[in-house]
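Notes for the one structure printed next.
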Number of protein chains: 4
Amino acid sequence: MRRGNGLEIPETLEDVCAPESMAVVVYDMQVGVLGQLEDGPAITERVVRVVEAARRGGYPVIFLRHFFLPKRLMGKFALRMAMSWQGAESAEDVVPILQRDTPAFQLVPELQPREGEVVFDKTSMSAFEGTPLASTLRDLGIGAYAIVGVALEIGIAPTVSHSTDLGFVPIVIRDGVGGRDTAGLQRAWDDFAFQGHAIVTDSDTIVPLLEKTS
Amino acid sequence: MRRGNGLEIPETLEDVCAPESMAVVVYDMQVGVLGQLEDGPAITERVVRVVEAARRGGYPVIFLRHFFLPKRLMGKFALRMAMSWQGAESAEDVVPILQRDTPAFQLVPELQPREGEVVFDKTSMSAFEGTPLASTLRDLGIGAYAIVGVALEIGIAPTVSHSTDLGFVPIVIRDGVGGRDTAGLQRAWDDFAFQGHAIVTDSDTIVPLLEKTS
Amino acid sequence: MRRGNGLEIPETLEDVCAPESMAVVVYDMQVGVLGQLEDGPAITERVVRVVEAARRGGYPVIFLRHFFLPKRLMGKFALRMAMSWQGAESAEDVVPILQRDTPAFQLVPELQPREGEVVFDKTSMSAFEGTPLASTLRDLGIGAYAIVGVALEIGIAPTVSHSTDLGFVPIVIRDGVGGRDTAGLQRAWDDFAFQGHAIVTDSDTIVPLLEKTS
Amino acid sequence: MRRGNGLEIPETLEDVCAPESMAVVVYDMQVGVLGQLEDGPAITERVVRVVEAARRGGYPVIFLRHFFLPKRLMGKFALRMAMSWQGAESAEDVVPILQRDTPAFQLVPELQPREGEVVFDKTSMSAFEGTPLASTLRDLGIGAYAIVGVALEIGIAPTVSHSTDLGFVPIVIRDGVGGRDTAGLQRAWDDFAFQGHAIVTDSDTIVPLLEKTS
C-alpha cells in the first residue's frame, strides 16, 4: 500500500477490504421499494450473498431505510417533489407513500439486521445526510464502505457523490445494486468512472475477500 | 413585530407562536429514560398537556427518540463514553443500553405519534445532529421550536446550543422539561439566559397560545 | 402558484424568482479554475451579466471559492484523490494546487463581491457541505438558488444533488455554467432532467426576471 | 491503553497526545476578538507557546476565524441576535461587526498560519458547524483535538459540546483559553466535568508532551 503523512493510502479493493477499514452498507432493501423492481428477488438474492459473506468476515453491517414524511409535515420542496413524481395537479392529490412503520417501509424478510448490526432511517437520498452514518463509521476508524441495494440511479449515486465530499471511499458492487431507469443506471456508472473516487467491483470478486478472516 | 431585510424578526413568544412558524419537539420521552427519573410521571403529564394543546392548535409535532449503537458498532468515542458513564474497567464490561426496538427504547404510551406526526431516531445529544430535523422544519418555513422532554442537562441543552448555530429560535418550556442533576439543570437555565437566544416560558403561558387557532 | 400546508409551492421559474425567495450563487469563478477552460472569458462574461442583473434586482449574491488543503493536512482520501487526478505514483509526487490565498485561488477580477455580498470558502464539491450556505439561505427564508460558475460536471452537479436532499430548488443557468468534459456535462444535464428537481433556464430568460424590481 | 472492537480507547491525555491522533485547534484568535479582552496579550502569549510546541512536535495546526454576515445577508435569527447583543431597537440600528477581510477579522500577528497549516472561516459558534473541520480531521485518522483561543463561554463551549456529538475527544487547555464572563467561564468548566467527555489540562502539562517527537 502507498503511504503519505504517515497514513496508508488505499488504492485497490484489497487495500480497503478488512473489517477494521470497511463497512457494508445495505441501501433501502425495503418491501415497498423492491416491489417496484422486476428483478427485485434476484437483487435480494445477491445482496443476501454479500451480507452473509460480510457477516462471516466480521464486517460492520449497516442498513438504511427510507421513509417519506407524513403529508402534514411536507414542506415546499417535499410537496413539489411528490407532485412532480406522482403527476399530481395539486397538493391535495398527493398520496403519502413509504410512510414510517407501514408494511412497505419494512426491510425485506431476507435482510433483517442481526445482533451487532443497526438500521438508520432517513428521509434523504444520500445515506450520509441527516443520519449518524458518517460519525458511526468514523468512530470505528472506517473510511470506506461497500454498498449494495436499490436504487442506484435515485439514491445510491447521490450517496456515493456525497460520501466522497466527506472523505469516504465507496465500493460499489455492480451486481448487488439495482434500479429501473436504464439510462440513469448507465449515467451512474459513467459518472463513477469519471469522478474516479469509487471502486466498482462485483460480488464474485468481493465475496471471497469478505469471507477471508484474517 | 420588528422588521429587517424584509423579514419579520421575532422577539417575544407571541411573535413565534403560530403553526406556520413554530413546531413542537418532544425530546426522548422514552420508557427507559423516564424510568430513571423520580418525577417521570409528573413530567409526562405536563408534556402531554403541551402536546395536546399543540394538536388542537394545528402545530407540527415531532418526536425524538434516542438509541445507543450495538456494542459491535461502538467506536473509540462511544466505548470511552460508555465506560465512563458505566464506570466500566474494560470494553468487555460495557453493558449495551437503550438499544433500538427494545422496550426501553419505546416512547411512553401517553406520547405516541398521531397521524401527521413523526418520530426521528438519533444517536446524538443534539436533536439536530444526524437527523432530518433542521431540513424538515426549514422546508415548512419554520425557524422556531418549542421543546419539552428529558433530560435538560444531558440532551436538551446541547440541542438548544446547536440549533442556535443553525438559526432556530428555541422555546424551552420550563416545567415541560426534566432532568436529574440539580446543578446541571441550573447551569442550563443560566446558560440560556446568558446566551440570550432561547425564549424560556412555562406551560401555563404557552398552552393557551398553542390552543388558540387563528 | 399551487399551495399545500399553507405554503406556496413553486413550480416555474417565475414562482421562485424574487429576492426574498431566491439567491444567486456564483460557484468557483477563480483564476486558477477558469485558467483551465478554453472558454473561460466567455463564461465570465455571461456570469457577470447574471450577477449584475441580480444586483439590480436586489438579490442576495453569494460566492463560493475552492481550495485544497495543504499537503501536511491531506488525509487518506485527499491524497488518494490527488494522486489519481495528478497521475502521481506516490504521495511525495503530489503537487499542492489551488492553495488558500494564492493567486490561483482568487476570484477573477470581474467577479469581486460588493458590499452586502459574501464569499464562502470550501474544500468540498457540494457548496452546501462544510459551509454556512444552507443556514444562511434558510435564515433569509430562501429555499431556491440560481447557480452560475464552473465546473458543472465536477462541482455544480454534486451541489445540485446535495441541495435537493436539503430541500433547496436549484435553478441552473445553462449558458452561465461551464466545464470541460463534454460527456460529463451531458450527463449532468440528463441527470437534472431525470431527477426532476432542478429548473434549467438560460441567461436570456432569467436576466429580465432578475432585473425586474417589484 | 484500553481496547475494544479492535480499537485503542483513549483515557488519558498521554493516550491521545500524538501527531497522528490529535490536532491543535486555535479558536478565533482575531484582532477584533482579543481587543475586547483585558488579558488578550497574556492569552496570546500562552496560545503561542502551545502552538510552537505543537509545531515542534509535528502536529496538525488548524486556525478558526469568525465573521458575521454582511447586514444584507442577515436573516431573522442573525438580526435578532445582533439586536439583542447590541441592544439595538431596530434592525436599522444594527452595526455590522467582525466583517470578512476587515482589520478586526485578521488573526493576531503572533498567530499566523505557517506552511502546512490552514485557516477555516466560520459564521457559527461551533467550529464543527459549517466548516470542513470534522472531515479534515477524520481523513487524517484524527479523533481528538486540543483547543486554545477565545472565547470559552461563547464559542469554545459549544464547540466542545458539538464535537462530542460527532465523536471527537476535546482537550481543553485551561490557561490557553480565555473569556470575559466569570460566571459563564465557570459554567463551562463545570459542564465539561459533568459531561465527562473533555480532558481538561494546562499548558505546563501539555507543552512537554507536544514537543516530544516520537
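The values are calculated or read from the model by the stated rules, or taken from the named source; none is laboratory data. In this text, all values refer to a predicted model and were calculated from it rather than measured experimentally. When we count neighbours, we look across all protein chains shown, and the Cβ atoms used for this are built from the backbone with ideal geometry, even at glycine.
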Identify, by number, the condition in (1) hydroxyl-bearing (Ser, Thr, Tyr); (2) in contact with a Pro (Cβ under 8 Å, 6 or more places away or on another chain); (3) assigned to a helix (DSSP H, G or I) that residue C:124 doesn't meet.
(3)
Pairs under 9 Å by beta carbon, first residue on the phi < 0 side of the Ramachandran plot in segment C:158-172, partner among the hydroxyl-bearing types (Ser, Thr, Tyr) and in a strand (DSSP E or B), six or more apart or different chains?
C:159/C:27; C:163/C:145; C:168/C:145; C:169/C:145; C:170/C:145; C:171/C:145; C:171/C:201; C:172/C:201
State yes or no: is residue C:148 more than 14 Å from chain A (Cβ to nearest Cβ), closer than 16 Å to residue C:168 by Cα and among the β-branched types (Val, Ile, Thr)?
yes
Given the condition modelled with pLDDT of 95 or more, under 29 Å from residue B:197 (Cβ atoms), out of contact with any helix residue (DSSP H, G or I) (no Cβ under 6 Å at 6 or more places or on another chain) and surrounded by 23 or more Cβ atoms within 10 Å (Cβ to Cβ), answer yes or no: does some residue in segment B:64-79 qualify?
yes
Residues of segment D:190-214 classified as within 9 Å of chain B (Cβ to nearest Cβ) and not acidic (Asp, Glu), total
4
Residue satisfying condition, being surrounded by fewer than 24 Cβ atoms within 10 Å (Cβ to Cβ) and among the β-branched types (Val, Ile, Thr), within set C:147, C:154:
C:154
More than 16 Å from the chain's Cα centre (by Cα), at pLDDT 95 or above and of a type in the set (Asp, Glu): does that describe residue B:181?
yes
When you go through (1) in contact (Cβ under 8 Å) with a residue 12 or more places away in the chain; (2) surrounded by 21 or more Cβ atoms within 10 Å (Cβ to Cβ); (3) at the interface with another protein chain (Cβ under 8 Å from one of its Cβ atoms); (4) under 18 Å from residue A:170 (Cα atoms) one by one for residue A:141, which number turns out not to apply?
(2)
Can you name the condition, by its number, that residue A:139 falls short on among (1) more than 30 Å from residue C:3 (Cα to Cα); (2) under 16 Å from the mean Cα position of the chain (by Cα)?
(2)
Filter segment C:142-166 down to residues that are over 14 Å from residue A:75 (Cβ atoms) and polar (S, T, N, Q) and give me whichever is nearest to the chain's Cα centre (by Cα).
C:159
Can you find a residue in segment B:123-134 that is farther than 24 Å from residue D:168 by Cα and at pLDDT 95 or above?
no
Run down B:108, B:118 and say which single residue is touching a residue at least 40 places away in the same chain (Cβ under 8 Å), among the aliphatic types (A, V, I, L, M) and within 13 Å of chain A (Cβ to nearest Cβ).
B:118
Test set (1) of a type in the set (D, E, K, R); (2) over 25 Å from the mean Cα position of the chain (by Cα); (3) on the phi > 0 side of the Ramachandran plot - residue C:101 fails condition number
(2)
Considering only segment B:9-23, I want to know if a residue exists there that is surrounded by fewer than 20 Cβ atoms within 10 Å (Cβ to Cβ), under 30 Å from residue A:137 (Cβ atoms) and within 19 Å of the chain's Cα centre (by Cα).
no
So is residue B:127 closer than 29 Å to residue D:11 by Cα and over 18 Å from the mean Cα position of the chain (by Cα) or not?
no
How many residues, within segment D:173-189, are within 16 Å of residue D:201 (Cβ to Cβ) and within 11 Å of chain B (Cβ to nearest Cβ)?
2
If you check B:141, B:155, which single one turns out to be within 26 Å of residue D:130 (Cα to Cα) and part of a helix (DSSP H, G or I)?
B:155
Residue hits (segment C:168-214; surrounded by 16 or more Cβ atoms within 10 Å (Cβ to Cβ), of a type in the set (Gly, Ala, Ser) and not in a strand (DSSP E or B)) are C:179, C:184, C:188, C:198, C:203
Modelled with pLDDT under 95, at negative phi and either in contact with a Cys (Cβ under 6 Å, 6 or more places away or on another chain) or not acidic (Asp, Glu) (or both), is that true of residue A:214?
yes
Could you list all residues from segment C:114-137 that are closer than 17 Å to residue D:127 by Cβ and small (Gly, Ala, Ser)?
C:124, C:130, C:135
If you check D:131, D:136, which single one turns out to be in a helix (DSSP H, G or I), facing another protein chain (nearest Cβ under 7 Å) and within 27 Å of residue D:46 (Cα to Cα)?
D:136
